Amino acid sequence: MSSVKDWALPNPVSENRSGLIGKTVDRYEGRLKVTGTAPYAYEVEPPSAPAYGQAVSATIARGRIVSIDTSAAEASPGVKLVWTSRNVPAQAARGERANPRSQRGSNPTMASDAVEFYGQTLAFVAADTLENARAAAALVAVTYETQPATVDFMASLDQAEMPPGEEDTEIGDFGAGFAASPVKLDETYFSPIANHTQMEPCATTAWWDGDKVTVHTSIQMVKGGQHALAETLAIASDKVHLITRYIGGGFGGKGQSYDDLTLAALAARELNQPVKVAYTRQQMFQATIHRPAVQMRVRLGAEPDGRLNAFSIEAITHCARNVPFTEHAANFSRSLYAAPNRLTGHRLVRMDLPGAGPMRAPGEATGMLSLECAMDELAEKLGIDPVELRIRNEPTVDPETGKPFSVRQLVSCMREGAQRFGWERRNPTPGQVREGRWLVGMGMAAGIRGNFLLPAKAGIRITADGTVTLLQGMTDIGTGTYTILAQITAETLGVPLDQVRVELGDSDMPPAPGSGGQFGAATAGSAAFETGMVMRRTLADLAINDPNSPLFGADPTLVTFANGNIALENQSESLASLVARAQPDGVYVEGSISPAADARDWSQHTYGAQFAEVAVDVVTGEVRLRRMFGVFAAGRILNAKTAKSQITGGMIWGIGTALTETNPVDPRYGSFLNQDMAGYLVPSHADIVNVDSIFLDETDDKANPLGIKGVGELGICGTGAAIANAIYNACGVRLRDYPMTPDKVLEGLIAKGL
Amino acid sequence: MHTNLTVNGQAVALDHDTRTTLLDALRESLDLKGTKKGCDHGQCGACTVLVNGVRINACLSLVAMHQDDDVVTIEGLASGDVLHPMQQAFLTQDALQCGYCTPGQICSAVAMLREAAEGQPSQATEDLTARISLTDAEIRERMSGNICRCSAYPQILAAIRSVAGDAA
């Protein structure tokens, strides 16, 4: 096992001789996307004309199917099959793993007569056309026996229990420390249910060739999807060929497979014909995972100079009754601010709702909405500037583990942001800046998000024409993975960028964990780099052992790679010429990355500071964002263009969190009130004004051999709180209930007599 | 039933289900899969195409309504290998991430510039009698029917601005 010490040594990426690392390279697959020729899962051309599948969803939260009348659907034109729990082909029981090495267990559809959530698949129709499938699906008539359901989170808080296998973390004596603190804050914050709302609905195109199924599906994790389908169908995983080349957004919601995958595969087998299944937009809201609501009690005990003496976040959240998941809204805080007495923990309510699950920065995205508001409130109580208060609580080592930080530029982010944003122009007294009917204010928040490296492999092939192809069972969900892998591969092998091809999203390729947890670039990129290093050694051996090579007999440690050539002093030849002569069938190598044995000796995070200016309409309570600026520190940046798109996109997610996004549950049916994009309000063009960001220079040599960290989730961390704080600064209304919609703001304005 | 129309300059004769939307006809019958289905309810804009030069949500329109119409999709914008200036601008400005809303954004932007040039006002237009100045606020307002969940909005604005030139 490697040590982080190895990662600190100079390497082709850190030396960056071609300058490809960090460069603003255009998106690798961009041309395909702007011409509409990148095929997403539903658009892949199957080997013969497909049948179309349509799932029928439950309309109660909990109960039992008494009967399903499928006769009208079966008699409907073009219908090829109608399935319910009574006649769906056999699948392995939920969670079963015939192969202990499978990353996911069986995920059967229509497994019983039990209804566990509104939106659950109860029937499935396949027909010759989409129109016929949809019409027939509408004819399926379900009779239920409804049972009492727990769907109201706020009414169920008394059922909250310790999540399985977890415990609270307490350092020092929080109770005593809090009681003894001269300045105290004790407030409760609420973050609502949110939906990923990826633009591309989940979809699968499937066909069989003998006993092997090929599935093109929209999923973030190649192996997870392959294993889940194999376990569900009770077949060996090598009988499932899963391909996911282009993915229309994931954000955590496509980290798992859904019934579209299972049903397309089952129906294609049954019909001996390719089958396409896509979720409707309504099914995306009801039948995939969501970010659960979280109620957070924050207690801060401080000295008059602002130093925290006691600190606590207690979060209550929810998950589906039989699908454990905890939104760890307190975890981030364990590494954020110094305080000798600390208490953090989570409680979980089991509910009869669709599965709760990870959504962009799970834990941080919700948790920071509470603490970063509370810090603003504490700053006001103390009469200390919010930036200064945070700086006074900057720890020198991780405040819970005592481990050193790998790199921590949080204070630099805040100082740089404050200076560039013009923070000194903020009036600390709320409600003082008025422009007509608008009250204007500024707010800020810190951001933190963990950094991770997972095991991954990659393959590189060089053909006789010199083309370098990186192959990896990795995904690009819009993050820029194709592009940064091309840059890393080209820089590692010293070849021009246009000589490199990248092929991803195929279960036959060397596995990588996929996209999630902002570990994608570091994990897949490090594997690509290590594979490039294997390729360098392989090519060097090839050259020095080849009497026809100008490098014959050379010392392999002195061989260099640049400009598409392998070289030793003034002797060189192109990789194409070497491969064409010495191994005309091409050279293929694989490599891998694993976390260093000592990587956990450091506390590793990405950091940011978010600054927002908003205007509040005193008549309507409407909040308009005026500008937002973020400063981030996330290791070496691989591609200034795609990284900025990622981080700014995350910030805009935070704007939606602060102002518009929520999905209340209808207590009568257990359904979400918003089941489409007219009701669930993600930010649109008109909402987004002057959002900008920069990255600080950084290399984290404890993170991985590239010194990089994730940027996909950091942008949303703290954003919503910065806006909430700006609203308070603008109009003096302190809201602790996200999102801060006009009704809530207006109620506050009226209460203040404004 | 039967409908004749022109798609990306090609005459097309379609025998189709009366229920078939223009979007599904493009994607499932004509193999023009660049036009995306995001919501099927006219709420996201991913299916935006140009019909007789005007942008519409193809999901809200039955193909039967388009006898003799001239439809242009994302596949019809480039000239051979040469990208349409709006496509090139999206690529250069990184005005896309997952790419699923991108064809709709581009088609919408192309039509939007023409609407503004023709003097069609928007919610953001302050003077209805003057020539329209394509301010950032105008562009944002006019593009708000096209959702980008990856939130490439600042880059999309920059891309459109680079094609439109400065506000008059």
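All of the numbers you see were taken from the coordinates with simple rules; none came from a lab. All values derive from a computational prediction rather than experimental measurement. Neighbour counts run over all protein chains shown; Cβ positions are idealised from the backbone, glycine included.
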Check your understanding: If you bin the C-alpha pair distances of segment B:2-76 every 5 Å from 0, what whole percents do you get?
Key -> 3, 19, 32, 30, 13, 2
Review point. When A:CYS319, A:CYS731 are ordered from fewest to most other Cβ atoms inside 10 Å of their Cβ, what list results?
Key: A:CYS319, A:CYS731
Check your understanding: Using a basic spin-label model with each label point 7 Å from the Cα along Cα→Cβ, how many nm lie between B:ASP70 and A:ARG86?
Key -> 5.6
Check your understanding: If you place +1 on the Cβ of every Lys and Arg, -1 on the Cβ of every Asp and Glu, and leave all else neutral, what size is the dipole of segment A:305-442 about its Cα centre, to the nearest 20 Debye?
Key -> 140
Practice item. Please report, in debye to the nearest 20, how large the charge dipole of segment B:2-76 is about its Cα centre when each Lys and Arg carries +1 at its beta carbon and each Asp and Glu carries -1 there. Key: 300
Revision key, fill the gap. Cα-Cα pairs in segment A:100-214 separated by more than 18 Å, as a whole percent of all pairs, come to 80
Review point. Do you know the relative contact order of segment B:85-164, to the nearest whole percent, from alpha carbon pairs under 8 angstrom that are 6+ apart?
Key: 52
Point to revise | Principal semi-axes in Å for segment B:85-164 [√(5λ), Cα gyration tensor, largest first] | key: 22, 12, 10
Exercise for review: Straight distance only, please: which lysines reach the Cα of A:LYS276 with their own Cα at less than 16 Å, same-chain residues fewer than 8 apart left out?
Suggested key: A:LYS80, B:LYS33, B:LYS36, B:LYS37
Study note, to complete from the structure: FRET efficiency (A:ARG537, A:LYS23; Cβ distance; R0 30 Å; to 0.05) is 0.70
Check your understanding: Between A:SER2 and residues 5 or more places away or on another chain, which pairs have amide H atoms under 5 Å apart, with H built 1.01 Å from N, and which residues are they?
Key -> A:ALA597
**Study point:** Positive-end residue of A:GLY586, A:GLY720, A:ILE384, charge dipole of the protein assembly as shown with Cβ unit charges
**Key:** A:ILE384
Practice item. For an R0 of 45 angstrom, estimate the FRET efficiency from the Cβ-Cβ distance between A:HIS241 and A:ASP737 and round to the nearest 0.05. Key: 0.40
Practice item. Per DSSP H run of n ≥ 4, the term is -39500 (n - 2.57); total these for chain A, divide by its residue number, and report the mean residue ellipticity at 222 nm rounded to 500 deg cm²/dmol. Key: -7500 deg cm²/dmol
Point to revise | Cα centre as origin, Lys/Arg/Asp/Glu Cβ charges: chain A dipole, Debye | key: 600
Study note, to complete from the structure: Amide H proximity to A:ASP173 below 5 Å, modelled H, separation 5+ or other chain, gives A:ARG342
Check your understanding: ³J(HN,Hα) across segment A:74-80 via Karplus (A = 6.51, B = -1.76, C = 1.60, θ = phi - 60°), whole Hz, x for Gly/Pro?
Key -> 5, 8, 6, x, x, 6, 9
Review point. Over chain B, one equal point on each Cα, no solvent: what is log10 I(q)/I(0) by the Debye formula at q = 0.10, 0.11, 0.18, 0.19 Å⁻¹?
Key: -0.37, -0.45, -1.11, -1.20
Review point. Using the count of nearby Cβ atoms within 10 Å as a rough guide to exposure, how do A:GLU661, A:GLU131, A:GLU503, A:GLU15 rank from fewest to most?
Key: A:GLU15, A:GLU503, A:GLU131, A:GLU661
Exercise for review: Show the residues, 5+ positions off or on another chain, whose built amide H is closer than 5 Å to the amide H of A:SER671.
Suggested key: A:ASP666
Review point. Which residues in segment A:109-147 have a backbone N closer than 20 Å to a point placed 7 Å from the Cα of A:ALA234 along the Cα-to-Cβ line?
Key: A:109-114
Practice item. Would you mind telling me the antiparallel percentage of the DSSP bridges in the protein assembly as shown, rounded to 5? Key: 75
Exercise for review: Taking the Cβ of A:LYS641 as the centre, find all other residues whose Cβ is under 11 Å away and add up their charges (Lys, Arg: +1; Asp, Glu: -1).
Suggested key: +1
Exercise for review: Among B:LYS33, A:LYS254, rank each residue by its count of other Cβ atoms within 10 Å, from fewest to most, as a rough exposure measure.
Suggested key: B:LYS33, A:LYS254
Revision key, fill the gap. Counting every C-alpha pair in segment A:456-507, the percent lying more than 17 Å apart is 30
Practice item. Give the Rg/Rh ratio for the protein assembly as shown, taking Rg as the radius of gyration of the Cα atoms and Rh as the Kirkwood radius, to two decimals. Key: 0.97
Review point. So how many Å³ per residue does the convex hull of the Cα atoms of segment A:360-413 work out to?
Key: 109
Check your understanding: What residue among B:GLN43, A:VAL616, A:ALA458 has its Cα farthest toward the positive end of the dipole of the protein assembly as shown, where the charges are +1 on Lys, Arg and -1 on Asp, Glu, each on the Cβ?
Key -> A:VAL616
Revision key, fill the gap. Listed by chain and number, the lysines with an alpha carbon less than 19 angstrom from that of A:LYS709, same-chain partners under 8 positions apart left out, are A:LYS5, A:LYS23, A:LYS403, A:LYS457, A:LYS641, A:LYS644
Exercise for review: Would you mind calculating the gained length between A:THR188 and A:THR620 on full extension (0.36 nm times residue separation, minus the Cα-Cα distance), in nm to one decimal?
Suggested key: 153.0 nm
Review point. Taking θ as phi - 60°, what are the ³J(HN,Hα) couplings along segment A:697-710 by the Karplus curve (6.51, -1.76, 1.60), each to the nearest whole Hz, with x for Gly and Pro?
Key: 4, 6, 9, 10, 7, 8, 8, 4, x, 8, x, 9, 9, x
Review point. In a shell of Cβ-Cβ distance under 13 Å around A:PRO77, excluding A:PRO77 itself, what net charge do Lys and Arg (+1) and Asp and Glu (-1) give?
Key: -1
Practice item. Obtain the radius of gyration and the Kirkwood radius of segment A:482-540 from its C-alpha atoms and give Rg over Rh. Key: 0.97
Exercise for review: Answer with one residue from B:GLN120, B:PRO85, A:GLN54: the one whose Cα lies farthest towards the positive end of the charge dipole of the protein assembly as shown, charges on Cβ with Lys, Arg +1 and Asp, Glu -1.
Suggested key: B:GLN120
Check your understanding: Per residue Cα convex hull volume for segment A:1-137, in cubic angstrom?
Key -> 252
Study note, to complete from the structure: Over all viewing directions the Cα convex hull of segment A:204-309 casts an average projected area in nm² of 10.6
Check your understanding: Cβ under 9 Å from B:PRO103's Cβ, B:PRO103 left aside: what net charge do those residues give with Lys, Arg +1 and Asp, Glu -1?
Key -> +1
